[in-house]
Amino acid sequence: MSIVSRGFHGRARDTRHTLPPGQYETTGFPVLSAGPTPVVPHDAWQFTVRTETGTEHTWNWDQLMALPSQTPTVDLHCVTKWSKFGTQWQGVPLDVLLADVESGAEYALVHSYGDYTTNLPLEDLLDGKAWIAYRYDGEDLAPEHGGPARLLVPHLYLWKSAKWVRGIRLLDEDEPGFWESVGYHDYGDPWREQRYQGD
Ligand SMILES: Nc1nc2c(c(=O)[nH]1)N[C@H]1C(S)=C(S)[C@@H](COP(=O)(O)O)O[C@H]1N2
Ligand SMILES: [Mo]
């Protein structure tokens, strides 16, 4: 994989300030977690990408901090129908983390500390569309919002933005994650209102 400079800039500011169908705007920042908030100290934090052939690439916190980051401003859309405009983040684009990862996989299954998973096509993590985010609104990302670090993939419903992210498995075959396996849409595009399987 290589960094595509076109998309690297093109999608970093995904702010339309327009509501997708069926959404309403909120100015708060609701917390939605399926279980307890895991405690992950920086010195214990690791992020691992495992390819379809089993090769693993692991970064610790200091290595993540040493990578080039971006400061995207994006709109968030939760499947429970709230949207929040203009949220400001800092994070490392997945393009940077995956640049030296040899893979022909088409799918990704994202894992969190605490066992949450979510799936998406690998291409939806690339070309400036997704980050491992560790700062929100000028401060370290709060634990309830996914700190130390969460996936941020704002062009899909927010359940795809796994909090407390610990790794990504690259897969030849699509594999449903936590919400996808209980009836939520496999892809989850808010603009096409893909909330549930069959939408
Ligand atoms: N690990 C983990 N990530 C998660 C969740 C979760 O329960 N566990 N909930 C998802 C859902 S449904 C939403 S809407 C967002 C909520 O993010 P927030 O709590 O920062 O608003 O996180 C997503 N990421
Ligand atoms: Mo959600």
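The table below gives the values:
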| quantity | calculated |
| --- | --- |
| Residue identified as of a type outside the set (G, A, S) and within 19 Å of R166 (Cβ to Cβ) among P143, P121 | P143 |
| Of residues in the range 87-129 being among the small types (G, A, S) and within 13 Å of ligand 1 (Cβ to nearest atom), the one farthest from the chain's Cα centre (by Cα) | G114 |
| Contacts under 7 angstrom Cβ, first residue in the range 65-83 being in contact (Cβ under 8 Å) with a residue 12 or more places away in the chain and closer than 15 Å to T18 by Cβ, partner within 16 Å of ligand 2 (Cβ to nearest atom) and part of a helix (DSSP H, G or I), 6 or more apart | L76/L158; H77/L158; H77/P190 |
| Restricting the range 141-199 to residues that are in contact with an Asp or Glu (Cβ under 9 Å, 6 or more places away or on another chain) and of a type in the set (D, E), the residue that is nearest to H77 (Cα to Cα) | E193 |
| Members of the range 98-110 found to be surrounded by fewer than 22 Cβ atoms within 10 Å (Cβ to Cβ) and closer than 17 Å to A149 by Cβ, listed by number | none |
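The numbers here are math on the coordinates, done by the rules we state, and not lab data. Because the structure is a prediction, the values reported are computed rather than measured. Using ideal geometry, Cβ is built from the backbone for each residue, glycine included, and neighbour counts are taken over all protein chains shown.
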